[in-house]
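Student: One structure follows; several queries about it will come next.
The values are calculated or read from the model by the stated rules, or taken from the named source; none is laboratory data. All values derive from a computational prediction rather than experimental measurement. Using ideal geometry, Cβ is built from the backbone for each residue, glycine included, and neighbour counts are taken over all protein chains shown. Note: areas computed on protein heavy atoms with side chains; ligands, DNA, RNA excluded. Shrake-Rupley method; radii C 1.70, N 1.55, O 1.52, S 1.80 Å.
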Amino acid sequence: MRERKRVAEWALQIDPEWSVRHVAKCLVCGEFCVDTASPGEAREWCVEHARETGDDRFELAAYEYVRTLSANHPPSVNGTSPE
C-alpha cells in the first residue's frame with residue numbers, strides 16, 4: 001500500500017524579530033533611501049530628493065516579515081532548518 005503524504009495546516013505569523021521596513025526609490029534616477037521603520041522618513045526622503053534633483057516620480061514600498069507555522073514542523077532557529 002502506498003504511503004499517503006499528510007497535508008499540514010500552515011499559517012503565517014508576523015515575525016516579532018523584524019519590524020515593517022519602508023523604502024523609497026526615485027523612478028527617474030534609481031536612487032533610493034536607506035530602509036527605515038518610519039513611513040514618514042521614506043516619504044520625507046522623496047521630498048528632499050525632489051528638492052535636490054528636480055526628479056518627480058517615486059515608488060514607496062513596505063516590507064513585512066512573516067514566519068510560516070505548522071504543528072508538524074518545528075520553527076527554524078537563527079534562520080537554519082531544525083532538521
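Student: Can you name the residue in segment 34-58 that is under 15 Å from the mean Cα position of the chain (by Cα) and surrounded by 11 or more Cβ atoms within 10 Å (Cβ to Cβ) and, of all such residues, is farthest from D15 (Cα to Cα)?
Tutor: Among them, the one singled out is A42.
Student: Could you tell me which residue of segment 22-33 is farthest from A62 (Cα to Cα), considering only residues that are touching a strand residue (DSSP E or B) at 6+ places or on another chain (Cβ under 7 Å), open to solvent by 70 Å² or more (accessible area, probe 1.4 Å) and not charged (D, E, K, R)?
Tutor: L27
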